[in-house]
Each structure stands twice: as structure tokens, then as C-alpha cells.
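Have a look at the structure below, then the notes.
The values are calculated or read from the model by the stated rules, or taken from the named source; none is laboratory data. The model shown is predicted, which means the values in this text are computed figures rather than measured ones. As a convention, Cβ positions derive from the backbone with ideal geometry for all residues, glycine included, and neighbour counts pool all protein chains shown.
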Amino acid sequence: MRLNAIARHKRIARGQIIFRCDEELPYFANVVSGVVKLSKALGDSRQQIVGLQFPSDFLGRPFRDRSPHDAEAATELDLCTYPSGQFECLIKEFPGIEHRLFERTLDELDAAREWMLMLGRKSAREKLASLVLMIAKRTQTMGCSTRPMPEHLVCDLSLSRTAIADFLGLTIETVSRQFSALKSDGIIALPSHREVVVPNLARLEQAAEVDMG
């Protein structure tokens, strides 16, 4: 296929910047493995994480010259890249590629709406449980929706406690307390600072739900 003919593999180290905000985009990419952190700089030199991208997600925007945010490798990262100009030509030529991009755009819109609910309605405990659940599920499936989800999951959180606090709109102290509480309740285990074990997926899902009582 002509798409494969222009594809190039790119490996990026944890912490490396992929794109800067307003930087010209030399390529469009598909995340093969790892996690990408998307962020925007605030006026007081702080940064706000605005999204995470996982395997099977697309990085970059066709028909857009510059990046709308900073993109950083939150973990070791494997990308399949396509030169922007050639990829855009193929989109026009092959409707199937455009259809897949449209589907992924709708998925991102749904995820953004879910995140609005989380930030606006959920408690600190529910927010953290939701984030752990999202990362555990996305890194486990690696983009394969047909593979059954096991009840016992092990994942790399990929984010520091500071980044998690920024992402969830919480303080670092609150994040640490909620990690400890989830651990004490047996909902998660923490073998290391970033590794999380989920002994029972259903219990984590329950912890992530909004208590309407």
C-alpha cells in the first residue's frame, strides 16, 4: 500500500519534545507504543496538560501547518511517521484514510466530553481512579478493541505526581493522599513510584464512578 511506502519508524526517549506549540509540523504520526503528553503553556510560565495519547492514536493534524500544543514523550515512544505533504495527498486520494481520521476525531471529542465531566463533577478520589483506569485500559489494549480486558492489570502511569496533579486540577498533596487511600482500600497496589497494579478492574471502575448520593 502506498501509505506504507511513505511510513518511517521513529523512536523517541521519555521526556523528549516531539513538537512545540506553534512549531511547523514536518510529519503526521500514529502512536505505535508508549504515551504522548499534550500540554499548553499558561501566561505565568506554568504548563497545563490537555490530553494524553496512546497506541493507535494519531499525533498531529493533517492540513494544519503548526502544532496547537506541545507534544512530549511521557514514556519511551514508538511512532510511525508520514511526511505531512505526502500524507495529505493520500487522504484526498483514498477516502478510507479520511474516514478513519474522522472516526478518531469523534473519539477524541467523546474523550474530551468525558474529561469535562470528570473535572467538573467528580471528587478527587474519583478523578484519580478515572485517570488510572483510563491509562490502564488504553495501555493494556494497545489499540486492539477485540482483545478481552483482563481483570488484573499492570501499567506504567507514565506521569509524575506533579503532572497528574496538573492534569486533574489537584494539589500534589491531594494526589498523594488519594493514591494512599486507593492503595489502603486494596483497589490498587504501588510496587514502584510509577507502576500501578489493578487487582480487580471492577473495583477500580466503581471507584471512578460519580457518587450521585
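Among the residues of the stretch 84-120, count how many are polar (S, T, N, Q), at pLDDT 75 or above and either over 24 Å from the mean Cα position of the chain (by Cα) or farther than 18 Å from ALA7 by Cα (or both).
Our first condition is that a residue be polar (S, T, N, Q); within the stretch 84-120, this holds for 84, 86, 105.
Checking the rest, the ones that are also at pLDDT 75 or above come to 84, 86.
Now drop any that are not either over 24 Å from the mean Cα position of the chain (by Cα) or farther than 18 Å from ALA7 by Cα (or both), which leaves 86.
Of the residues in the stretch 84-120, 1 are polar (S, T, N, Q), at pLDDT 75 or above and either over 24 Å from the mean Cα position of the chain (by Cα) or farther than 18 Å from ALA7 by Cα (or both).
Hey, can you tell me all the residues within the stretch 178-194 that are free of Cβ contacts under 8 Å to residues at least 40 places away in the same chain and part of a helix (DSSP H, G or I)? Give the steps one after another, and end with the answer.
Narrowing the stretch 178-194 to residues free of Cβ contacts under 8 Å to residues at least 40 places away in the same chain: 180, 183-186, 189-194.
Hits for the stretch 178-194 are SER180, LYS183, SER184.
For the stretch 156-196, which residues satisfy the criterion of being in contact with a Cys (Cβ under 8 Å, 6 or more places away or on another chain) and surrounded by 13 or more Cβ atoms within 10 Å (Cβ to Cβ)?
In the first step, residues of the stretch 156-196 are kept if they are in contact with a Cys (Cβ under 8 Å, 6 or more places away or on another chain); the result is 195-196.
Selection gives VAL196 alone.
Across the stretch 1-28, what is the total count of residues that are part of a loop (DSSP other than H, G, I, E, B) and in contact with a strand residue (DSSP E or B) (Cβ under 9 Å, 6 or more places away or on another chain)?
Our first condition is that a residue be part of a loop (DSSP other than H, G, I, E, B); within the stretch 1-28, this holds for 1, 7, 13-16, 20-23, 25-26.
Going one step further and asking which of them are in contact with a strand residue (DSSP E or B) (Cβ under 9 Å, 6 or more places away or on another chain), we end up with 7, 13-16, 20-23, 25-26.
Looking only at that region, the number is 11.
Based on this model, can you work out whether THR141 counts as modelled with pLDDT of 85 or more, buried (at least 16 other Cβ atoms within 10 Å of the Cβ) and not assigned by TED's automatic domain parsing to the domain that holds ARG100?
So THR141 fails the test.
Can you tell me which of ASP65, ASP78, ASP70 is surrounded by fewer than 18 Cβ atoms within 10 Å (Cβ to Cβ), within 15 Å of ILE17 (Cα to Cα) and of a type outside the set (Phe, Trp, Tyr)?
ASP78
Consider SER67 carefully, then state whether it is within 20 Å of LEU109 (Cβ to Cβ), touching a Phe, Trp or Tyr at 6+ places or on another chain (Cβ under 9 Å) and of a type outside the set (A, V, I, L, M). Even if it seems obvious, please write down each step before you answer.
On the way: within 20 Å of LEU109 (Cβ to Cβ): yes; touching a Phe, Trp or Tyr at 6+ places or on another chain (Cβ under 9 Å): yes; of a type outside the set (A, V, I, L, M): yes.
Yes: the conditions hold for SER67.
Residue by residue, here is whether (1) modelled with pLDDT under 85; (2) closer than 15 Å to MET134 by Cβ; (3) in a loop (DSSP other than H, G, I, E, B); (4) of a type in the set (Lys, Arg) holds:
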{"site": "PRO148", "(1), (2), (3), (4)": "yes, no, yes, no"}
{"site": "CYS155", "(1), (2), (3), (4)": "yes, yes, no, no"}
{"site": "LEU159", "(1), (2), (3), (4)": "yes, yes, yes, no"}
{"site": "THR162", "(1), (2), (3), (4)": "no, no, no, no"}
{"site": "LEU170", "(1), (2), (3), (4)": "no, no, yes, no"}
{"site": "THR174", "(1), (2), (3), (4)": "no, no, no, no"}
{"site": "VAL196", "(1), (2), (3), (4)": "no, yes, no, no"}
{"site": "MET212", "(1), (2), (3), (4)": "yes, no, yes, no"}
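Please determine, by comparing only the residues of the stretch 33-55 that are at pLDDT 80 or above and surrounded by fewer than 17 Cβ atoms within 10 Å (Cβ to Cβ), which one is farthest from PHE87 (Cα to Cα). Break it down stepwise before answering.
As a first pass, look at the stretch 33-55 and keep what is at pLDDT 80 or above: 33-41, 49-55.
So of that shortlist, the ones also surrounded by fewer than 17 Cβ atoms within 10 Å (Cβ to Cβ) come out as 33, 40-41, 50.
Details: SER33: 21, LYS40: 26, ALA41: 29, VAL50: 26 Å.
Filtering first and then ranking leaves ALA41.
Taking the condition of being farther than 22 Å from GLU98 by Cα and touching a Leu at 6+ places or on another chain (Cβ under 7 Å), how many residues in the stretch 19-32 meet it?
Summing the residues that are farther than 22 Å from GLU98 by Cα and touching a Leu at 6+ places or on another chain (Cβ under 7 Å) in the stretch 19-32 gives 1.
Would you please list the contacts, defined by Cβ atoms under 6 Å and residues six or more apart or on different chains, that run from a residue in the stretch 121-135 that is among the basic types (Lys, Arg) to a residue that is at pLDDT 90 or above?
ARG125/GLN178
Only one of (1) more than 26 Å from LYS137 (Cα to Cα); (2) under 13 Å from the mean Cα position of the chain (by Cα); (3) of a type in the set (Ser, Thr, Tyr) is not met by TYR27, so which one is it?
Every condition holds for TYR27 apart from (2).
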